[in-house]
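The structure under discussion appears below in the form of structure tokens.
The values are calculated or read from the model by the stated rules, or taken from the named source; none is laboratory data. What you are looking at is a predicted structure, and each value in this text was computed from that prediction instead of being measured. Backbone-built Cβ (ideal geometry, glycine too); neighbour counts: all protein chains shown.
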Amino acid sequence: MAPSGAFSGFTGKTLYTPVPNPVFGPILEQVQDLAELKVTLRGLWLFHRKRGAPRAVSLDEFLADRSLIKGLKFEGPEGNKSSEEAIRRGLRLAVTRGTFLTHQLEGTGTVFLLNTDSGRRAIARFEAGQTPSENGDGTERELAVPELERPNIFELYEDSIGSLSPLLAEELKEAEGRYPEAWLREAFGIAVAENKRSWRYVAGILRRWTAEGKTTRGEAERGKDGKPGRHTEADHRQKYLEDYQRRWGKSPG
């Protein structure tokens, strides 16, 4: 029997957050401060839950994070005050190490970004005097918003196929950056409808759309030359209907 308070284990509905490989190598080897380690790991989760750009997390978000407050409150007898000091120390160490980047934004306060190519570009824009909502030409750009508004590819996978293995997480993350969100949603929906719940099947659909092109709703199945053309959403619905009738011998409804 597991001791009281022990972690009960991961379930089939557990979601995964991708972590850069250096975190498990040189960073893990060098980090000695528990606050830095916890802030770094929690920061990766917070960055990942941002959508759009830049994926920045404010100092206030870190200081108000319940997991960090609970995870660092035992460093001293003063409770939350000690937690706040530990979070601030962890952030300073993560910035000094180069894991995080930081900038002081007017009206927003201190923000932190992961030290990636996109994070460095965002810092350069800030230093050039651009606001987070501005492109180089002064036009509006999409701001980071909580990821809960739109399921990411890991949630799509677990909702459509099942438990996600860590080995597959990196491949899924690459696919999320390569394909439009609408393609991903539709490809997973096709896999579910055809009862072929595997990433290999979904990836095959996405590769075919990339190679052959993907049309939008209402476009014809055949081109002008009479050869089979690109599949449409209507084509898929017809195929689902035929599969249903073949399997059950009746119409749905």
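Some observations on this one:
- Arg55 passes every criterion in (1) among the basic types (Lys, Arg); (2) more than 27 Å from Leu168 (Cα to Cα); (3) in contact with a strand residue (DSSP E or B) (Cβ under 8 Å, 6 or more places away or on another chain) apart from (2).
- Boolean, Arg208 is out of contact with any Ser or Thr (no Cβ under 8 Å at 6 or more places or on another chain) and modelled with pLDDT of 90 or more: yes
- For region 21-55, the candidate set comprises residues that are touching a residue at least 12 places away in the same chain (Cβ under 8 Å) and in a loop (DSSP other than H, G, I, E, B); within that set, the residue that is nearest to the chain's Cα centre (by Cα) is Arg49.
- Cβ pairs under 7 Å, 6+ apart, first in region 185-211 and in the same structural domain as Leu164 (by TED's automatic domain parsing), second assigned to a helix (DSSP H, G or I) and of a type in the set (Phe, Trp, Tyr): Ala191/Tyr201; Ala193/Tyr240; Trp199/Tyr157; Val202/Phe188; Leu206/Trp183; Trp209/Trp183
- Checked against the criterion of being at pLDDT 90 or above, polar (S, T, N, Q) and surrounded by fewer than 19 Cβ atoms within 10 Å (Cβ to Cβ), region 77-100 has at least one qualifying residue.
- In the set Gly52, Gly43, only one residue is assigned by TED's automatic domain parsing to the domain that holds Ser82 and crowded, with 17+ Cβ neighbours inside 10 Å; that residue is Gly43.
- Leu15 being farther than 21 Å from Val111 by Cβ, aliphatic (A, V, I, L, M) and not in a helix (DSSP H, G or I): yes
- Every residue from region 111-130 that is of a type in the set (D, E, K, R) and surrounded by fewer than 18 Cβ atoms within 10 Å (Cβ to Cβ): Asp117, Arg120, Arg121, Glu127
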